[in-house]
Amino acid sequence: MLFRGIPASHGIAIGSAFLLKVEELRHARRILESHEEAEGEVKRFQTAVFSVRHDLENIADSMGDVVEGRQILEFLLLLLQDPMIKKEVEGGILTGMVNAEYAVSTTFRGVMEKFDVMDDPYIRERVADVKDVGRRLIEKLIGTEKEALNNLEQPVVLVAKDLDPSETAGLKPGQVLAFVTDMGGRTSHTTILARALGIPAVVGLQRITSEIHPGDTLIVDGIHGHVIVNPTEEELKYYRDVKARFMEAENLLQQMNPGPALTEDGNRIELAANIELPHEVELVKKLGADGIGLFRTEFLRLIQENGENEEDHYEIYEKIASEMLPKSVIIRTYDMGGDKFRTGLDTVREANPFLGYRAVRIGLERPAEFSIQLRAILRASVHGNIRLMFPMVTHVEQLRRLRDLLKLVQNDLTARGIPFDKKMQIGIMVETPATVIALDLMLPYVDFVSIGTNDLTQYTLAVDRGNPRVADLYDSFHPAVLRQIDTVVRVSHSQGKWVGVCGSMAGNPLAVPLLIGFGVDELSVAPSLIPDVKKMIAVVSTCAAREMAEKSLSIETGLMVRALVHSYVIGKYPEILLDENDWKTGG
Amino acid sequence: MTEEMVTVPNKLGIHARPAALIVRAAVEFDCDIWVKSPADKVNAKSIMGVMTLAASGGTAVTVSADGKEEREAVDAVVEIIKSGFGEEMI
């Protein structure tokens, strides 16, 4: 059986399916044999309640004085300890003689159904909370499947509704051959991570989790976005063959000369790497990147269980910066919120998280906490070539406040005699139309800008990139996006500031010639894409790129722009970099 | 057994946050406490129960308690309902 999804990370994998967390609230019923066994199940349930309570209390503590967040946590705690729910679950176990998972799932499903039919919308909205508590209990009862994932005897294809970016970050390439998910789009954060890890992935498959059984054999074709469940002998043979050819081509690319990225006519393009985890530095150096164009720091939040610790930050920044010397490292401050890492902070549900409390909006409201990260970056700046970048700056006031806060931290360091790089470059991400339109007003406060094309496209076109139903409207080649990139480059250069691109476009075979043509100074891509992008740059002539970029600005549709670039690069790019559908999709 | 009738005075009635306030007050007492609306009677210590009561603004509810400190318990819960949970009144 063949399923079509969105090709998220190139490569082909063949392996058996491992379903992660897809059971949610339906759990297999097991009939108990004896009364003792039933008592044992009640005990298990009570232990699970105890340990979920512990988890929730920890989250509540970590929220400090975020009132709404605490209220929600308190509500979850009340639900968890509700006497009616307790009675129903324990009664279900003892009289129904069923296992705790089953009793919990039927009870919670019943509660959710009750809430669902209530007239009061304020109460209906709480269904998600009920589900959350139920899910936490089930997870405790069955022991997390993630643990099972760590104890696998052979690598598997991971099948899930959706993967948290934090979960993706924990995947080891040797353990997971590929992953396929119901949700997600071509540029969701999870997808980007999959590429960084070099794991093939197909996302946006909508309902695949309900069609696959554990242990099914899967072929994952991350080039075309196909997943074949229980393939025939013929299909297996075909794909083994394709896989071998793909690997061969990949190896060839890896063996290339790690020199600078030069266009066909010898113009040097800065090609840097986006990294997420410190250990990626090693690979980045091997690939000969011109520095780190984007170091995402969100994972630091994950490893710090007991709040912010300046030393944890400092150690990592210092290590990366000194290892990369003399090349530069752009450290982006926390970009939490949106679809990024779940933290204690965003347990507050927002109707529009992408328009909500995220990135510097959080940082500016919690200056004491934010200063810890800034201090660590400043202290590390004397050990390498560090540049500081703020995400999601939409207002000049924010920029002023950020500079004031930075100044405050700098003054404090000076007073204490702690050295830092006084000339450290400061930049901002350009990821909203607001920033583009008012860029001339923001530039006096910064040394550089870096365009985050994924968010810029999403905010410009008002398309949620993770929603498979509208994902086809997402198009970074839309005239509105291309014109903004052109504007950013022109306005920035007129004020003597340099421009990078660190979104997915920088690694897109059809976008690279355009970005060069617009005059972008630096491209920053996932490490695994560096050899590919270097190849792409090598076949582009600056002059032709400029012509194409110029022309693209007056073309009506993204599809036509891609067709234009496609006709230029076809026959120039190594075959493997272009697949038949590339010019049709807008990622 | 002690009981007292009270009218839910806030506009939105007993939704999630007010329900949490009632439950938090009720669990402080050892006695059994109930809240009764024209439609249903529920355990005041159960967030599920109090929410499914879905008492809208203006509904008359009866708070009753049985056991140790039943008077104080009824007073405490009635007090919270009367306060309108710090929300906009009808």
Sort out which residues of segment A:128-138 are modelled with pLDDT of 80 or more and more than 10 Å from every other protein chain (Cβ to nearest Cβ), and write them in order of number.
-> A:131, A:132, A:133, A:134, A:135, A:136, A:137, A:138
Within segment A:100-114, identify whether any single residue is within 14 Å of chain B (Cβ to nearest Cβ), assigned to a helix (DSSP H, G or I) and at pLDDT below 85, and answer yes or no.
-> yes
Identity of the residue in segment A:364-394, touching a residue at least 24 places away in the same chain (Cβ under 8 Å), part of a loop (DSSP other than H, G, I, E, B) and farther than 20 Å from residue A:324 by Cα, that ends up farthest from the chain's Cα centre (by Cα) = A:394
In segment B:38-71, the residues that are of a type in the set (S, T, N, Q), modelled with pLDDT of 90 or more and within 15 Å of residue B:81 (Cα to Cα) = B:59, B:62, B:64
Matching residues in segment B:72-90 - criterion: being more than 17 Å from residue B:20 (Cβ to Cβ) and at pLDDT below 90 = B:88, B:89, B:90
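Just to check your reading of the model, which residue among A:558, A:500, A:586 is closer than 16 Å to residue A:9 by Cα and either within 27 Å of the chain's Cα centre (by Cα) or at pLDDT below 85 (or both)? Quick ask: steps written out before the conclusion?
Working: A:558 fails: closer than 16 Å to residue A:9 by Cα; A:500 fails: closer than 16 Å to residue A:9 by Cα.
Result of the check over A:558, A:500, A:586: A:586.
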Segment A:528-555 - residue that is closer than 26 Å to residue A:243 by Cα and among the basic types (Lys, Arg) and, of those, modelled with the highest pLDDT | A:534
Every residue from segment A:40-60 that is over 8 Å from residue A:140 (Cβ atoms) and hydrophobic (A, V, I, L, M, F, W, C) = A:42, A:45, A:49, A:50, A:56, A:59, A:60
Odd one out for residue B:18 among (1) within 14 Å of another protein chain (Cβ to nearest Cβ); (2) touching a Ser or Thr at 6+ places or on another chain (Cβ under 7 Å); (3) crowded, with 19+ Cβ neighbours inside 10 Å | (2)
Return only the number of the condition from (1) more than 13 Å from every other protein chain (Cβ to nearest Cβ); (2) crowded, with 16+ Cβ neighbours inside 10 Å; (3) free of Cβ contacts under 8 Å to residues at least 24 places away in the same chain that residue A:123 does not satisfy.
-> (1)
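Filter segment A:308-325 down to the residues that are assigned to a loop (DSSP other than H, G, I, E, B) and touching a Gly at 6+ places or on another chain (Cβ under 8 Å) and list them by number.
Our first condition is that a residue be assigned to a loop (DSSP other than H, G, I, E, B); within segment A:308-325, this holds for A:308-309, A:325.
If the condition is that a residue be assigned to a loop (DSSP other than H, G, I, E, B) and touching a Gly at 6+ places or on another chain (Cβ under 8 Å), then A:325 is the only one that fits.
Residue-wise test of (1) at pLDDT 80 or above; (2) in a strand (DSSP E or B).
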residue: A:3; (1), (2): yes, yes
residue: A:7; (1), (2): yes, yes
residue: A:15; (1), (2): yes, yes
residue: A:22; (1), (2): no, no
residue: A:28; (1), (2): no, no
residue: A:41; (1), (2): yes, no
Could you please tell me which pairs satisfy a Cβ distance under 9 Å, a separation of 6+ or placement on different chains, a first residue in segment A:78-97 that is farther than 15 Å from residue A:48 by Cα and within 12 Å of chain B (Cβ to nearest Cβ), and a second residue that is of a type in the set (Ser, Thr, Tyr) and in a helix (DSSP H, G or I)?
-> A:88/A:106; A:88/A:107
Output yes when any residue across segment B:37-57 is surrounded by 22 or more Cβ atoms within 10 Å (Cβ to Cβ), charged (D, E, K, R) and touching a helix residue (DSSP H, G or I) at 6+ places or on another chain (Cβ under 9 Å), and no when none is.
-> yes
Failed condition for residue A:163, given (1) modelled with pLDDT of 75 or more; (2) outside any strand (DSSP E or B), with all others met?
-> (1)
If you go through segment B:68-80, how many residues are surrounded by fewer than 23 Cβ atoms within 10 Å (Cβ to Cβ) and either at negative phi or in contact with a helix residue (DSSP H, G or I) (Cβ under 8 Å, 6 or more places away or on another chain) (or both)?
-> 9
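Residues B:7, B:62: which one is touching a residue at least 40 places away in the same chain (Cβ under 8 Å), more than 12 Å from chain A (Cβ to nearest Cβ) and surrounded by fewer than 16 Cβ atoms within 10 Å (Cβ to Cβ)? Write out each step before concluding.
Working: B:62 fails: surrounded by fewer than 16 Cβ atoms within 10 Å (Cβ to Cβ).
That would be B:7, the only listed residue that is touching a residue at least 40 places away in the same chain (Cβ under 8 Å), more than 12 Å from chain A (Cβ to nearest Cβ) and surrounded by fewer than 16 Cβ atoms within 10 Å (Cβ to Cβ).
Out of curiosity, is residue B:24 within 14 Å of another protein chain (Cβ to nearest Cβ) and of a type in the set (D, E, K, R)? Before the answer, list the steps.
Working: within 14 Å of another protein chain (Cβ to nearest Cβ): yes; of a type in the set (D, E, K, R): yes.
So residue B:24 fits the description; yes.
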Unmet criterion (only one of (1) crowded, with 18+ Cβ neighbours inside 10 Å; (2) free of Cβ contacts under 8 Å to residues at least 60 places away in the same chain; (3) under 25 Å from residue A:73 (Cα atoms)) for residue B:30 = (1)
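The values are calculated or read from the model by the stated rules, or taken from the named source; none is laboratory data. Since the structure is predicted, the reported quantities are computational estimates derived from the model, not experimental observations. Reconstructed Cβ throughout: ideal geometry from the backbone, glycine too, with neighbour counts over all protein chains shown.
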